[in-house]
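Have a look at the structure below, then the notes.
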Amino acid sequence: MKRKVPIPGGALEHAVLLVLWELGRASAPDIHRRVGEPSGSAYTTTAKVLDRLHAKGLVARQRVGRSFEYTAAMKRTVVERARVVDALKRILRPDVTPAIATLVDAVEAIDPDLLDEMARQVEARRRSRRES
């Protein structure tokens, strides 16, 4: 059975993960300087976000002296894919057809060439299913 990938619960949790993916390893004060201070958040907010991410299994921590150093516990591609799937599930329900049409419109507005890429990806998926 496929394990459900936890997703960050909002912009601040995602921002903390982005810092960890960029740096590899960081302390709470390091993360707060990069995420908390620019957003005007208190240090305790950053610490609480790190605790939540640790509880979700998205970050690992290792004691270094009297504090922790944090690392991302999951690859960025895995978490980002889970975020997109979650967002699409929310967008595409309950009536899928108008939502898909809107998605196509939005992709075309971003870059019309992306529609061709989407078509290639859909065809590749269909071929893969036929071959399995």
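Return the only residue of L58, L18 being farther than 21 Å from K4 by Cβ, within 19 Å of the chain's Cα centre (by Cα) and at pLDDT 95 or above.
Numbers: L58 fails: farther than 21 Å from K4 by Cβ.
Result: L18 is the single residue among L58, L18 that is farther than 21 Å from K4 by Cβ, within 19 Å of the chain's Cα centre (by Cα) and at pLDDT 95 or above.
Taken together, V84, V49, V64, V79 contain a single residue that is in contact (Cβ under 8 Å) with a residue 12 or more places away in the chain, β-branched (V, I, T), surrounded by fewer than 18 Cβ atoms within 10 Å (Cβ to Cβ) and at negative phi, which is V64. Any residue in the stretch 64-76 that is closer than 26 Å to D116 by Cα, within 15 Å of the chain's Cα centre (by Cα) and at pLDDT 95 or above? Yes, some residue in the stretch 64-76 is closer than 26 Å to D116 by Cα, within 15 Å of the chain's Cα centre (by Cα) and at pLDDT 95 or above. Restricting attention to the stretch 98-132, the residues that are surrounded by fewer than 12 Cβ atoms within 10 Å (Cβ to Cβ) and among the β-branched types (V, I, T) total 2.
The values are calculated or read from the model by the stated rules, or taken from the named source; none is laboratory data. Predicted model, so just to flag it, every value in this text is computed and none were measured. Glycine gets a Cβ as well: all are built from the backbone with ideal geometry, and neighbour counts include every protein chain shown.
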